[in-house]
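This report concerns only the one structure given below.
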Amino acid sequence: MGELSFFEKMMTNVRAKCKYYTGYPKDLGSSRVIHFSSEREFVHLLHEGYPVVVAFTIRCNYTKHLDKVLEEAAVEFYPHIKFMRVECPKYPGFCITRQRKEYPFIEIFHGPEQLGD
């Protein structure tokens, strides 16, 4: 094969250096991102002792990109860090308690005592 073009060299370098480059499909297997279904399940997850990264989302273009990044990060950090996605239109009560107006946003929980903050 011939020598790689400048662009191909650059893209190879970007893919090698960037942890969460999502410009090409990856086979990540089954999803490790947990979909929020109830606050009880969330509290149970916190009691397992692992940090939980929670993405509070609505349906928009930013969320599509964020989903890809979450999937990759969840695969990389499993089982030491759990990742959860909350669809705020479906669970407005849980999202309103976080008192944020901009979506999507991410919050990291280290234990159940943080729920009251």
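Descriptive notes on the structure:
- Of the strands (runs of 3 or more DSSP E) lying entirely inside the range 49-117, those containing at least 1 residues that are among the hydroxyl-bearing types (Ser, Thr, Tyr) and either free of Cβ contacts under 8 Å to residues at least 60 places away in the same chain or more than 16 Å from Leu28 (Cβ to Cβ) (or both) span 52-57.
- Counted residues, the range 40-78 - those being basic (Lys, Arg) and either in contact with a Cys (Cβ under 7 Å, 6 or more places away or on another chain) or modelled with pLDDT of 90 or more (or both): 1
- Count of the range 70-85 residues which are closer than 11 Å to Val53 by Cβ and crowded, with 16+ Cβ neighbours inside 10 Å: 7
- Residues that are crowded, with 17+ Cβ neighbours inside 10 Å and closer than 20 Å to Glu41 by Cα, drawn from the range 88-106: Cys88, Phe94, Cys95
The values are calculated or read from the model by the stated rules, or taken from the named source; none is laboratory data. On a predicted model such as this, the values are computed, not experimentally measured, just so you know. Cβ coordinates were reconstructed from backbone atoms using ideal geometry, including for glycine residues, and neighbour counts include every protein chain displayed.
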